[in-house]
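Chemist: This is the structure I have questions about; it appears just below.
The values are calculated or read from the model by the stated rules, or taken from the named source; none is laboratory data. This structure is a prediction, so every number in the text was calculated from the model and none was measured. Because the Cβ atoms are built from the backbone with ideal geometry, glycine has one as well, and the counts that use them run over all protein chains shown. Side chains are part of the model used for accessible areas, which takes the heavy atoms of the whole protein and leaves out ligands, DNA and RNA. Shrake-Rupley method; radii C 1.70, N 1.55, O 1.52, S 1.80 Å.
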Amino acid sequence: MHGQVDAGGHAFSVPHLLGIDPLWMATGILILVYAILITEKLNRAILAMLGASLMVIFGIINQQQAVAGVDANTLALLIGMMVIVAITSKSGLFQYVAIKAAKVVKANPTGILIMLTLITAVFSALLDNVTTVLLIAPITLLITDALGTKVFPFFMAEILASNVGGTATLIGDPPNILIGSAAGLSFNDFAVNLAPIAMVCLVALTGIIYLVNRRALSQIPASASAKIMEFDEKSAITDVRLMVKALFVLALVILGFTAGHSYGIQPGTSALAGAGLLMLLAYAGQDAEHQSESVHHIFGEVEWVTILFFGGLFVIVAAVEHVGLLAMFAEFVLNVTDGDLMWTAFLVFWASGILSAILDNIPFVATMIPMIQATADTFGPDKIEPLWWSLALGACLGGNGTLLGASANLTVAAFAEKAKQPISFMAFTKFAFPIMILTLVLANIYIWLRYF
């Protein structure tokens, strides 16, 4: 048997496996999973499922500990919102908003770019950034095709805006969902603490996008803009009754997010309740056979790859936490910062920002959460909230650094590739990395002024 200390400082024993210390075994599996994840040679759901299975098979954690490590609230929130958005999109609401916004600025190319940037940011705060870009990207391709211009500046603006907008709320970016669930932070907590700096970063981002692209877009002929003005936004609405039902349910769900925390109702419960209610309103009038087909179809649109990736990742992180690796890392961080809360927050923030640009920010945050929880022994459970905001800001804004930084980035890149206008890793990084650094500097100043 080999003694270890868990994140709470409690001693426990785990057996040697194949003659290998469980700490090294768990660390090796974690590193292997991350290394393959970065190469993108293997689907991330497959990778997470295999990694989680190895943790149990090798006895690093048992079945009960693996199940306990899965954050059911996060999975419920993701599934519920995916169902709601999938049904809402059938009404044509999101397409209507995009076309209407383009016409509001008289189809001026620069105006369209800015409007799509702002719409992406707002939708990313109210939905989630991956879902938002899935809805906005096809409309963007339609508009840029009519304008006869390249989609690159539009897609770049939308990627950056999705990550900045997603920073503002609990549901805007998957890392925030993870942090909120683990730390018991409410929708209102995120809005009050992160929305102000997200808006500052959005203003800075929009200004840069305008300055960089205004000259090239001003050369697009007026005849191209005339094509946009001919679009009929009303025809985008394919089901008015469904749209009304969806907006009603979305309002109830957001109310649940904002008020539910006071009554012990988790966001996952609100999202699943909303998904069930919307399916009831949308499909209750159908006969049993068609109703079954509709429900199967909607559940088919849930991103199960993402759900299974999260599930496997939770188990992997639970295992490395169990063997004491994260507690050791937390102790290292505290030693580096000499136990100073402000410098610990800054270290967490910049490490999150830079590493989230290189790695996908979801697994990084999942790994960091138990480490921050371990610092509660030093600072006190009621004192570590600035660390949570530092982690959220670093991970969400850092996701803009490279194509690998966030799931939304790769989603948009896939659309660009299908349109035969691929976004290369270096082209993205050259444009996005300096903007990421600027937003991180702004956020660092905000953390310092607000919390210290």
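Chemist: At 1.4 Å probe size, with the rest of the protein present, what percent of the exposed accessible area of the chain is carbon and sulfur atoms?
Modeler: 67
Chemist: Taking a ≥ b ≥ c as the square roots of the Cα gyration tensor eigenvalues, with a/c under 1.5 meaning rounded and otherwise prolate when a/b beats b/c, else oblate, which class fits the stretch 108-264?
Modeler: oblate
Chemist: Taking the Cα-to-Cβ direction at GLN291 and at ILE38 and moving 7 Å from each Cα, how far apart do the two end points lie in nm?
Modeler: Going by the 7 Å Cα→Cβ label model, 5.2 nm.
Chemist: Let me ask another. Mind checking which lysines have their Cα closer than 21 Å to the Cα of LYS103? Skip sequence neighbours fewer than 8 apart in that chain.
Modeler: LYS150, LYS227, LYS234
Chemist: Another question, then. Using Cα-only point scatterers and the Debye equation, what is log10 of I(q)/I(0) for the stretch 296-445 at each q in 0.15, 0.17, 0.18 Å⁻¹, rounded to two decimals?
Modeler: -0.85, -1.01, -1.08
Chemist: Something else: Which distance in Å, rounded to a whole number, links the C-alpha centroids of the stretch 383-411 and the stretch 79-135?
Modeler: 22
Chemist: Output ³J(HN,Hα) for the stretch 99-106: one whole-Hz value per residue in order, computed from phi by the Karplus curve 6.51 cos²θ - 1.76 cosθ + 1.60 with θ = phi - 60°, and x for Gly and Pro.
Modeler: 5, 4, 4, 5, 6, 4, 8, 6
Chemist: Alpha carbon centre of the stretch 160-221 versus the stretch 243-264: separation in Å?
Modeler: If we compute the Cα centre of each part, the gap is 22 Å.
Chemist: Whole number in Å², please: accessible area per residue of the chain, 1.4 Å probe, ligands, DNA and RNA not counted. Provide the component values of the computation, followed by the final result.
Modeler: Working: 18950 Å² over 452 residues.
Here the residues of the chain average 42 Å² of exposed surface.
Chemist: What shape does the stretch 82-191 take by its C-alpha gyration tensor, where a ≥ b ≥ c are the square roots of the eigenvalues and a/c under 1.5 counts as rounded, a/b above b/c as prolate, and the rest as oblate?
Modeler: Verdict is prolate for the stretch 82-191.
Chemist: Calculated from the structure, percent of Cα pairs over 31 Å apart equals which of (1) 43; (2) 47; (3) 36?
Modeler: Computed from the coordinates, percent of Cα pairs over 31 Å apart corresponds to (1).
Chemist: Now for a separate question. Taking the full set of protein chains and a 1.4 angstrom probe, give the accessible area of LEU313 in square angstrom, rounded to the nearest 10.
Modeler: 10
Chemist: Give the Kirkwood hydrodynamic radius (Å, one decimal) of the stretch 104-156, defined as one over the mean of 1/r across all pairs of different Cα atoms.
Modeler: Computed over Cα pairs of the stretch 104-156, the Kirkwood hydrodynamic radius comes out at 11.3 Å.
Chemist: Nearest 500 deg cm²/dmol is fine: what mean residue ellipticity at 222 nm does the chain get from its DSSP H runs of n ≥ 4 alone, each adding -39,500 (n - 2.57), divided by its residue count?
Modeler: Using -39500 (n - 2.57) per qualifying helix, the result is -25000 deg cm²/dmol.
Chemist: Quick check on my link table: of LYS100/LYS430; LYS106/LYS430; LYS245/LYS420; LYS41/LYS420, which ones sit more than 26 Å apart, alpha carbon to alpha carbon? It would help to have the intermediate numbers written out before the result.
Modeler: Values: LYS100/LYS430 32 Å; LYS106/LYS430 31 Å; LYS245/LYS420 37 Å; LYS41/LYS420 22 Å.
Cα-Cα > 26 Å for LYS100/LYS430; LYS106/LYS430; LYS245/LYS420; rest within.
Chemist: Please sort by residue number the GluC sites (Glu not before Pro) in the stretch 154-250 whose DSSP state is loop and whose Cβ has at most 13 other Cβ atoms within 10 Å.
Modeler: The qualifying sites are GLU230.
Chemist: Indicate the gyration tensor shape class of the stretch 196-293 (rounded, prolate or oblate), computed on the Cα atoms with a ≥ b ≥ c the square roots of the eigenvalues: a/c under 1.5 is rounded; otherwise a/b larger than b/c is prolate and the rest oblate.
Modeler: Taking the square roots of the gyration eigenvalues as a ≥ b ≥ c, the stretch 196-293 is oblate.
Chemist: If you keep only loop residues by DSSP, which trypsin sites (Lys or Arg not before Pro) in the stretch 401-431 have at most 15 other Cβ atoms within 10 Å of their Cβ?
Modeler: Passing sites in the stretch 401-431 are LYS420.
Chemist: For ARG215, ARG450, what's the largest-to-smallest order of accessible area, 1.4 Å probe? List each step's numbers first, then the result.
Modeler: Values: ARG215 185, ARG450 100 Å².
Reading off the accessible areas and sorting them downward yields ARG215, ARG450.
Chemist: Continuing with this model, one more query. How large is the translational diffusion coefficient of the stretch 261-380 in µm² per second when you combine the Kirkwood radius over alpha carbon pairs with Stokes-Einstein at 20 °C and 1.002 mPa s?
Modeler: Values: Rh = 17.9 Å.
Diffusion coefficient, whole number: 120 µm²/s.
Chemist: Looking at VAL249, ILE139, VAL104, which one has the Cα that reaches farthest to the positive end of the dipole of the chain (charges on Cβ: Lys, Arg +1; Asp, Glu -1)?
Modeler: Selected residue: VAL104.
Chemist: Which value, in Å² and to the nearest 10, is the accessible area of TYR210 when all protein chains are kept and the probe is 1.4 Å?
Modeler: Probe radius 1.4 Å; accessible area of TYR210 about 90 Å².
Chemist: Let me know the whole percent of all Cα-Cα pairs from the stretch 153-200 that are separated by more than 15 Å.
Modeler: Numbers: 483 of 1128 pairs.
Here the long-distance tail beyond 15 Å is 43 percent of all Cα pairs in the stretch 153-200.
Chemist: Trypsin sites (Lys or Arg not before Pro), restricted to the stretch 49-136: which are DSSP loop and have at most 13 other Cβ atoms within 10 Å?
Modeler: LYS106
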